[in-house]
Every structure is written in C-alpha cells, then in structure tokens.
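The values are calculated or read from the model by the stated rules, or taken from the named source; none is laboratory data. Everything numeric here is computed off the predicted structure, so don't read it as measured data. Glycine gets a Cβ as well: all are built from the backbone with ideal geometry, and neighbour counts include every protein chain shown. Note: areas computed on protein heavy atoms with side chains; ligands, DNA, RNA excluded. Shrake-Rupley method; radii C 1.70, N 1.55, O 1.52, S 1.80 Å.
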Amino acid sequence: EAHYRLGYVLFLSKDYVKAITALASFANKNKDSDLGHRANLYLGRSYLEKKDLKNAVKALSGLVGHAEIGAEAGLWLGRGYLRNKDYGKAEQVLKPVVDHFGSGPLGDDLRYDYATALMQSEKFAVAGPVFAQVDKKSSLAPNAIWMEAYCLHQTKEYATSLTRCEDFLSSHKANENTPEVLFIRSENLFLLERYDEAVVSYESLLKVAGTA
C-alpha cells in the first residue's frame, strides 16, 4: 500500500512523470486488487496531464465498468477525448457512463461533459436537455444554463432560450460569462421581433463589455 500512496501523493503534487513510474509499477504488480485499479485511475489521469491520450486510454478504459471508480474513470476518459477535440469518442464514452452512474455524486460532471461533447458535435437539440439536467445549485449551474440557452438558440427556440438567459441573469449576473448570455438574450429578442427590448438589451451588453 505504501507504494500506491507514494504514486498517489506524487500525482497530487503534480509530479506526473514520477507518479507515472510509481503507479505503473504498482498497477502491474497488483492488477486484480482494488488498489491496483485505483493506481490505474491515477495513472490514467497522470498521462492526461502529460497530454498522452493513448496511454491514458489504456489505463482508464478497463475501469469504466468498475462499481466504485467507474464514474471517475469514465469522466476522465471522456475529458481526455474532449481535450483532444474528439467529440464523437467523448460522446461514445460518456453516454453509457451517464446512464449507469448519473444518479451518483459525479452525475452533474458527467452530464455536463456529455452535453458538451454533443454540443461540440452540433447536436444542439440533444445537448440542451442534458445541460438542463445539471443541478441548478451546483458549481456547474451557471455554465450549464448558458450552454442550454445557446443550444436552444441554435435550434431556433428563441422564446425558451430567452427564458434561460433571464434565469442566468437573475441568479448569476456577476458571472464572467454574463456578456455572452446578454448577447444571446439580445439576439433572441431581435429574432422574436421585440425590437425595443432588443435595443435595451444590446445597450446593456455594450455597457457590461465596456464598449458603450
């Protein structure tokens, strides 16, 4: 166990090269143990931090069905593909993990990343409802509402998108992405032919952006 702890502490210390050496050695000698599986989890994450997706996939892919760490393994495997802009693979990995582990503690992270993969593949009609399932009290809520509004706008559901923009602005107005949401709101109002309101909204956007 001390060998696993060493690798884990090296990972936490962001010394990924040494972490890879220690965790790989431990995992190879303890393939069927719970700690061996955990070693592979952090081995895979260490590879991701070194931008070595190929070896990360090798370490993580066999863990996705694991009862205890499958959610975390699937989440990071999906993130590896997202970082590599392989959105189809990310979607393929994350959908079954969401289905299996979506009710668990990593459910919101999994849904958010899955929806992101869908959105990046321009599957806006599918992505929007997944973003909507992210807990409105979670730290991911501001981005999830913004992305849902964006997806609704892309599918020409301007009235519903406008409602989501108002939800964001009423709860997260100080958020750094407020200008992006104000832009979507302004566009929705314009496309709904609510021109007077659109003018006010565009003026608010310019004021927030500091270009008024």
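The percentage of C-alpha pairs in segment 1-150 whose separation is greater than 27 Å is 26%.
Residue-wise HN-Hα couplings along segment 63-71, as the Karplus relation 6.51 cos²θ - 1.76 cosθ + 1.60 with θ = phi - 60° gives them from phi, are 9, 4, x, 5, 4, 8, 10, x, 5 Hz; Gly and Pro carry x. Here Lys137 is the anchor, and the lysines within straight C-alpha reach of less than 16 Å, apart from those fewer than 8 places off in the same chain, are Lys173. Taking the centroid of alpha carbons for each part, segment 170-212 and segment 1-33 are 49 Å apart. Of the residues Ala115, Ala24, Ala71, the one that moves most in a GNM of the chain with alpha-carbon contacts below 10 Å is Ala24. By accessible area, using a 1.4 Å probe on protein heavy atoms only, segment 36-84 has 44% of its surface on carbon and sulfur. Note on segment 99-140: the C-alpha convex hull projects to 2.8 nm² when averaged across all orientations. Taken about its Cα centre, segment 19-102 carries a charge dipole of roughly 380 debye when the Cβ of each Lys and Arg holds +1 and the Cβ of each Asp and Glu holds -1. The aspartates and glutamates within cross-link reach of Lys156, meaning a Cα-to-Cα straight distance under 19 Å and a gap of 8 or more places when in the same chain, are Glu122, Glu148, Glu166, Asp167, Glu180, Glu187, Glu193, Glu197. Cross-link reach is defined here as a Cα-Cα straight distance under 20 Å, omitting same-chain residues fewer than 8 places apart; for Lys89 the lysines meeting it are Lys50, Lys51, Lys54, Lys58, Lys123.
Direction-averaged projected area, Cα convex hull, segment 6-77: 4.0 nm², rounded to one decimal. When each of the peptides 184-191, 199-206 is scored by the mean number of other C-beta atoms lying within 10 Å of its residues, the order from highest to lowest reads 184-191, 199-206. FRET efficiency for the pair Leu192 and Ser170, taken as 1/(1 + (r/R0)^6) with r the Cβ-Cβ distance and R0 = 22 Å, rounds to 0.70. Put a plus charge on the Cβ of each Lys and Arg, a minus charge on the Cβ of each Asp and Glu, and nothing anywhere else: the dipole of the chain about its Cα centre is then about 940 debye.
Report relative contact order for segment 7-145 in percent, whole number only (criteria: Cα-Cα under 8 Å, sequence separation at least 6). Each step should come with its number before you reach the end.
Numbers: 185 pairs, mean separation 18.3, N = 139.
It rounds to 13 percent for segment 7-145.
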